[in-house]
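Here's the structure we're looking at; comments come further down.
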Amino acid sequence: MIGAEEGRRRDVRKRLLLGLGGVLVIAALWQGTIFAYELPLVVLPSPWRVIEALLTLVRTSAFWKDVGVSLMEFAGGYLIGGVLGIAAGLLLAESRSARMTATPVVEALRFVVPFAWIPLTVLWFGTSYLGKLVLVAYAVFFVMLVSTARSIGQVEPTLSRVGTMLGMGRWQLAMRVHLRAAAPSIASAARAAAAIGWIAVVAAEYVGASAGLGLMITNAATSLATPVVIAGMIVIGGVGAAVSAVVRWLSRAWLDYR
């Protein structure tokens, strides 16, 4: 047990050191580019100037309001899109008639990227919370629908035969056997959908929003505050990574509970 625990600690230290090394390499290349091409602050600020801008941002209430708005828009859309996508995917996987009816529409719409809808959502909903919620739900819905239907379609037929022998009905079999068997693949899709949903909400805020990280960066770019722009990009990446980690944890908890 002691050996295993020490091995885990060494692995954590190794990951931290390698991660820090990667950050230092990027910072060195960044600073070297500024020196080599004599770039002005407005074009590319130094890493230290960006850190200063980031430290200034996190001390303001407006920054945390923007983070909260973006997360709220993402969470609402992700929940709606995820639940509806899994339900629709289950229906399409279990019902041939539903699959034949919906497939042409699904195949057409799922290739229309969420960003193509941004002008219309701004026109329909303005800069309201609802527009971003709809956009994120749309982005997440098709990922979960297609992944759920495909995962259930690949469930081992033996499981279905066993469930039928035990007297399960059609939808009881779908919920208690097929959905459970497809759960690991659906959980993986949920993590991918989270990334797409987070990108969608931030992109929507660039175009039409009254608050949020996308609007914060747009305002900074308009003012030529490049350090704030890059600091905002770092925040978006960091929050996105945190969201992905939370979804991964929830997925594992769901699979363990299942």
Item to check | Residue match in segment 94-102 (condition: modelled with pLDDT of 90 or more and more than 30 Å from residue 155 (Cβ to Cβ)) | outcome: no
Checklist entry - Looking at segment 226-244, which of its residues are more than 15 Å from residue 63 (Cα to Cα), touching a residue at least 60 places away in the same chain (Cβ under 8 Å) and either under 23 Å from the mean Cα position of the chain (by Cα) or not in a helix (DSSP H, G or I) (or both)? => result 243
Next on the checklist: So if I check each of 48, 64, 30, which one is outside any loop (DSSP other than H, G, I, E, B), under 25 Å from the mean Cα position of the chain (by Cα) and not aliphatic (A, V, I, L, M)?
Outcome noted: 64
Item to check | Selected residue [under 30 Å from residue 147 (Cβ atoms) and not β-branched (Val, Ile, Thr)] from 73, 38, 52 | outcome: 73
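Residue by residue, here is whether (1) touching a residue at least 12 places away in the same chain (Cβ under 8 Å); (2) outside any loop (DSSP other than H, G, I, E, B); (3) crowded, with 21+ Cβ neighbours inside 10 Å holds:
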| site | (1), (2), (3) |
| --- | --- |
| 72 | yes, yes, no |
| 90 | yes, yes, yes |
| 112 | no, no, no |
| 117 | yes, yes, no |
| 137 | yes, yes, yes |
| 142 | yes, yes, yes |
| 146 | yes, yes, no |
| 164 | no, yes, no |
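Here is a yes/no grid of residues against (1) of a type in the set (Gly, Ala, Ser); (2) buried (at least 18 other Cβ atoms within 10 Å of the Cβ); (3) closer than 27 Å to residue 213 by Cα:
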residue	(1), (2), (3)
68	yes, no, yes
77	yes, yes, yes
86	no, yes, no
95	yes, no, no
105	no, no, no
133	no, yes, yes
Checklist entry - Would you call residue 121 more than 18 Å from residue 247 (Cα to Cα) and not in a loop (DSSP other than H, G, I, E, B)? => result yes
Next on the checklist: Of the conditions (1) within 30 Å of residue 67 (Cα to Cα); (2) part of a helix (DSSP H, G or I), residue 159 satisfies every one except a single condition; which number is it?
Outcome noted: (1)
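Table: residues versus (1) in the same structural domain as residue 24 (by TED's automatic domain parsing); (2) within 25 Å of residue 229 (Cα to Cα); (3) at pLDDT 95 or above.
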| position | (1), (2), (3) |
| --- | --- |
| 51 | no, yes, yes |
| 55 | no, yes, yes |
| 92 | no, no, no |
| 109 | no, no, no |
| 114 | no, yes, no |
| 117 | no, yes, no |
| 125 | no, no, no |
| 128 | no, yes, no |
Checklist entry - Going by the structure shown, is residue 195 within 16 Å of the chain's Cα centre (by Cα), part of a helix (DSSP H, G or I), surrounded by fewer than 20 Cβ atoms within 10 Å (Cβ to Cβ) and of a type outside the set (Asp, Glu)? => result yes
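The values are calculated or read from the model by the stated rules, or taken from the named source; none is laboratory data. Bear in mind that the values here come from a model prediction, so they are computed numbers and not experimental data. A quick note on method: Cβ atoms are made from the backbone with ideal geometry, for glycine too, and the neighbour counts reach across all protein chains shown.
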